[in-house]
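S.K.: My questions all concern the structure below.
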Amino acid sequence: MGIFKPTAMKERLTAISPRLLENLEARAILLDVDNTIASYTSHEPIEGAVDWVREMVTSGFRVIIVSNNYKRRVMPFAARFGLDCISFALKPFPFGYLRARKRLKTPLKNCVIVGDQIFTDVVGANLCGMKSILLSPIEPEEGVTFQIRRRFERGFRKKFAFCEDILS
Ligand SMILES: [Mg+2]
(Lines give C-alpha, C1' and ligand atoms only; values in the text may rest on other atoms or scores of the structure.)
Protein backbone atom coordinates (compact mmCIF):
# COMPACT_ATOMS: atom_id res chain seq x y z
CA MET A 1 0.00 0.00 0.00
CA GLY A 2 3.04 2.26 0.42
CA ILE A 3 3.01 3.14 -3.27
CA PHE A 4 -0.37 4.88 -2.83
CA LYS A 5 0.61 6.85 0.24
CA PRO A 6 1.13 10.61 -0.01
CA THR A 7 3.73 12.27 2.18
CA ALA A 8 1.08 14.75 3.37
CA MET A 9 -2.51 15.71 2.58
CA LYS A 10 -4.15 19.14 2.38
CA GLU A 11 -7.51 20.42 1.27
CA ARG A 12 -6.31 23.11 -1.14
CA LEU A 13 -3.10 24.36 -2.70
CA THR A 14 -3.35 27.58 -0.72
CA ALA A 15 -3.36 25.62 2.57
CA ILE A 16 0.24 24.53 1.95
CA SER A 17 2.62 26.66 3.97
CA PRO A 18 6.34 27.23 3.38
CA ARG A 19 6.80 25.63 6.81
CA LEU A 20 5.15 22.39 5.67
CA LEU A 21 7.40 22.35 2.60
CA GLU A 22 10.47 22.95 4.75
CA ASN A 23 9.40 20.13 7.07
CA LEU A 24 9.21 17.87 4.02
CA GLU A 25 12.73 19.04 3.10
CA ALA A 26 11.32 20.25 -0.20
CA ARG A 27 13.25 22.78 -2.25
CA ALA A 28 11.33 22.33 -5.49
CA ILE A 29 7.62 22.01 -6.25
CA LEU A 30 6.00 20.19 -9.16
CA LEU A 31 2.49 21.52 -9.67
CA ASP A 32 -0.35 19.56 -11.22
CA VAL A 33 -2.94 21.61 -13.18
CA ASP A 34 -6.40 20.03 -13.30
CA ASN A 35 -8.23 20.07 -9.99
CA THR A 36 -5.07 21.43 -8.31
CA ILE A 37 -4.43 24.99 -9.53
CA ALA A 38 -7.72 25.18 -11.43
CA SER A 39 -10.98 23.34 -11.70
CA TYR A 40 -10.68 20.95 -14.63
CA THR A 41 -13.48 22.76 -16.48
CA SER A 42 -12.05 26.25 -15.96
CA HIS A 43 -9.32 28.27 -17.64
CA GLU A 44 -8.96 30.42 -14.52
CA PRO A 45 -6.75 29.50 -11.56
CA ILE A 46 -8.47 29.12 -8.19
CA GLU A 47 -8.49 32.14 -5.94
CA GLY A 48 -5.14 32.76 -4.34
CA ALA A 49 -3.20 30.30 -6.52
CA VAL A 50 -1.18 32.93 -8.39
CA ASP A 51 -0.27 34.68 -5.12
CA TRP A 52 0.60 31.33 -3.53
CA VAL A 53 3.04 30.51 -6.33
CA ARG A 54 4.56 33.99 -6.09
CA GLU A 55 5.04 33.55 -2.33
CA MET A 56 6.74 30.18 -2.82
CA VAL A 57 9.06 31.53 -5.51
CA THR A 58 9.92 34.51 -3.28
CA SER A 59 10.59 32.10 -0.41
CA GLY A 60 13.20 30.39 -2.59
CA PHE A 61 11.33 27.33 -3.86
CA ARG A 62 11.75 26.34 -7.50
CA VAL A 63 8.37 25.66 -9.11
CA ILE A 64 7.38 23.90 -12.35
CA ILE A 65 4.03 22.80 -13.77
CA VAL A 66 3.78 19.07 -14.61
CA SER A 67 0.48 17.95 -16.13
CA ASN A 68 -0.84 14.98 -18.08
CA ASN A 69 -3.02 17.35 -20.06
CA TYR A 70 -2.22 18.71 -23.52
CA LYS A 71 0.05 21.64 -24.25
CA ARG A 72 -2.85 23.85 -25.33
CA ARG A 73 -4.42 23.42 -21.88
CA VAL A 74 -1.21 23.68 -19.86
CA MET A 75 0.69 26.51 -21.63
CA PRO A 76 -1.76 29.31 -20.77
CA PHE A 77 -1.46 28.41 -17.06
CA ALA A 78 2.33 28.35 -17.31
CA ALA A 79 2.21 31.82 -18.88
CA ARG A 80 -0.25 33.11 -16.28
CA PHE A 81 1.90 31.84 -13.39
CA GLY A 82 5.19 32.72 -15.08
CA LEU A 83 6.41 29.13 -14.72
CA ASP A 84 8.16 26.53 -16.83
CA CYS A 85 5.96 23.54 -17.68
CA ILE A 86 5.87 19.94 -18.85
CA SER A 87 2.65 18.89 -20.56
CA PHE A 88 1.55 15.35 -21.55
CA ALA A 89 3.74 14.12 -18.67
CA LEU A 90 2.28 10.58 -18.61
CA LYS A 91 2.09 10.50 -14.81
CA PRO A 92 2.43 8.09 -12.97
CA PHE A 93 5.32 7.03 -15.24
CA PRO A 94 8.55 8.64 -14.02
CA PHE A 95 9.55 10.35 -17.34
CA GLY A 96 7.87 13.69 -16.63
CA TYR A 97 9.05 13.75 -13.00
CA LEU A 98 12.64 13.10 -14.08
CA ARG A 99 12.51 15.78 -16.78
CA ALA A 100 11.14 18.21 -14.21
CA ARG A 101 13.83 17.30 -11.68
CA LYS A 102 16.51 17.93 -14.29
CA ARG A 103 15.12 21.37 -15.10
CA LEU A 104 14.75 22.19 -11.40
CA LYS A 105 18.32 21.01 -10.72
CA THR A 106 17.13 19.58 -7.39
CA PRO A 107 17.69 16.08 -5.93
CA LEU A 108 14.62 13.82 -6.14
CA LYS A 109 14.23 13.65 -2.35
CA ASN A 110 13.98 17.45 -2.22
CA CYS A 111 11.23 17.58 -4.86
CA VAL A 112 7.55 17.48 -3.91
CA ILE A 113 4.64 17.08 -6.30
CA VAL A 114 1.36 18.75 -5.39
CA GLY A 115 -1.66 17.11 -7.02
CA ASP A 116 -5.16 15.77 -6.54
CA GLN A 117 -4.85 12.17 -7.73
CA ILE A 118 -3.40 9.18 -5.90
CA PHE A 119 -3.12 6.99 -9.02
CA THR A 120 -1.14 9.54 -11.02
CA ASP A 121 0.49 12.28 -8.89
CA VAL A 122 1.20 10.26 -5.73
CA VAL A 123 2.10 6.90 -7.30
CA GLY A 124 4.52 8.59 -9.71
CA ALA A 125 6.22 10.45 -6.86
CA ASN A 126 6.63 7.21 -4.91
CA LEU A 127 7.98 5.39 -7.98
CA CYS A 128 10.82 7.87 -8.40
CA GLY A 129 11.54 8.86 -4.80
CA MET A 130 9.87 12.27 -4.66
CA LYS A 131 7.61 13.55 -1.89
CA SER A 132 3.93 14.27 -2.55
CA ILE A 133 1.16 16.42 -1.13
CA LEU A 134 -2.30 15.12 -2.00
CA LEU A 135 -5.06 17.71 -2.32
CA SER A 136 -8.82 17.26 -2.41
CA PRO A 137 -10.09 17.63 -5.98
CA ILE A 138 -11.66 21.06 -6.55
CA GLU A 139 -14.62 19.76 -8.55
CA PRO A 140 -15.78 16.15 -9.16
CA GLU A 141 -15.13 14.90 -12.70
CA GLU A 142 -17.76 13.45 -14.97
CA GLY A 143 -17.40 10.01 -16.56
CA VAL A 144 -17.48 6.44 -15.32
CA THR A 145 -13.73 5.79 -15.22
CA PHE A 146 -13.18 8.84 -13.05
CA GLN A 147 -16.00 7.87 -10.73
CA ILE A 148 -14.46 4.41 -10.24
CA ARG A 149 -11.00 5.89 -9.72
CA ARG A 150 -12.30 8.43 -7.21
CA ARG A 151 -14.17 5.70 -5.32
CA PHE A 152 -10.95 3.72 -4.85
CA GLU A 153 -9.20 6.94 -3.89
CA ARG A 154 -11.73 7.70 -1.17
CA GLY A 155 -10.77 4.48 0.64
CA PHE A 156 -7.10 5.42 0.54
CA ARG A 157 -7.79 9.02 1.54
CA LYS A 158 -9.58 7.84 4.69
CA LYS A 159 -6.79 5.43 5.46
CA PHE A 160 -4.16 8.10 5.03
CA ALA A 161 -6.13 10.85 6.74
CA PHE A 162 -3.70 10.73 9.64
CA CYS A 163 -1.01 12.19 7.35
CA GLU A 164 -2.89 15.43 7.27
CA ASP A 165 -1.49 18.16 9.46
CA ILE A 166 1.24 15.91 10.85
CA LEU A 167 3.91 18.15 9.47
CA SER A 168 2.11 21.42 8.94
MG1 LIG B 1 -5.10 16.70 -11.38
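S.K.: Whole-Hz Karplus ³J(HN,Hα) for the stretch 22-28, in order, using 6.51 cos²θ - 1.76 cosθ + 1.60 and θ = phi - 60°, x for Gly and Pro?
M.R.: Residue by residue, the stretch 22-28 yields 5, 4, 7, 6, 7, 10, 9 Hz.
S.K.: I would also like to ask the following. So, with +1 on the Cβ of K and R and -1 on the Cβ of D and E, and no other charges, what is the size of the charge dipole of the chain about its Cα centre, to the nearest 20 debye?
M.R.: Working: 26 positive and 18 negative charges, 142 e Å.
It comes to approximately 680 debye.
S.K.: Got a sec? What order do LYS109, LYS5 fall in by accessible area at 1.4 Å, biggest, i.e. largest, first? Mind dumping the intermediate values first?
M.R.: Values: LYS109 125, LYS5 80 Å².
Largest to smallest exposure gives the sequence LYS109, LYS5.
S.K.: So for the stretch 1-60, Kirkwood radius off the Cα pairs, Stokes-Einstein at 4 °C and 1.567 mPa s: how many µm² s⁻¹?
M.R.: Using the Kirkwood radius from Cα pairs, D works out to 102 µm²/s.
S.K.: State whether the chain is rounded, prolate or oblate according to the following rule on the C-alpha gyration tensor (a ≥ b ≥ c being the square roots of its eigenvalues): a/c under 1.5 gives rounded; otherwise a/b larger than b/c gives prolate, and the remaining case gives oblate.
M.R.: Values: a/c = 1.29, a/b = 1.09, b/c = 1.19.
Because its axes are fairly even, with a/c under 1.5, the chain counts as rounded.
S.K.: Sorted from largest down, give the three principal axis spans of the alpha carbons of the stretch 56-130, whole angstrom values.
M.R.: Rounded to whole Å, the extents work out to 30, 28, 20 Å.
S.K.: Long-range amide H contacts for SER132: which residues qualify at under 5 Å (H placed 1.01 Å from N, peptide plane, sequence gap of 5 or more or a different chain)?
M.R.: Residues meeting the criterion, in which the H sits 1.01 Å from N, are THR7, ALA8, ILE113.
S.K.: If you don't mind, another one. Through the Karplus equation 6.51 cos²θ - 1.76 cosθ + 1.60, θ set to phi - 60°, convert the phi angles of the stretch 29-45 into ³J(HN,Hα) values in whole Hz; use x for Gly and Pro.
M.R.: Listing the rounded values in order: 10, 9, 10, 6, 9, 5, 6, 10, 9, 8, 4, 5, 9, 10, 9, 9, x Hz.
S.K.: Please go through the residue pairs LYS102/LYS131; LYS91/LYS131; LYS71/LYS158; LYS105/LYS131; LYS10/LYS131 and name each one whose alpha carbons sit more than 24 Å apart in this structure. Intermediate results must be reported in sequence, preceding the final value.
M.R.: Working: LYS102/LYS131 16 Å; LYS91/LYS131 14 Å; LYS71/LYS158 33 Å; LYS105/LYS131 16 Å; LYS10/LYS131 14 Å.
The pairs that break the limit, which is 24 Å between Cα atoms, are LYS71/LYS158.
S.K.: State the percentage of accessible surface on the stretch 20-168 attributable to carbon and sulfur atoms; use a 1.4 Å probe and exclude ligands, DNA and RNA.
M.R.: Numbers: 4200 of 7510 Å².
Ligands and nucleic acids excluded, carbon and sulfur reach 56 percent.
The values are calculated or read from the model by the stated rules, or taken from the named source; none is laboratory data. Owing to the predicted nature of the structure, the values given are computational and were not obtained by experimental measurement. A quick note on method: Cβ atoms are made from the backbone with ideal geometry, for glycine too, and the neighbour counts reach across all protein chains shown. Just the protein is used for accessible areas: all its heavy atoms, side chains included, with ligands, DNA and RNA removed. Shrake-Rupley method; radii C 1.70, N 1.55, O 1.52, S 1.80 Å.
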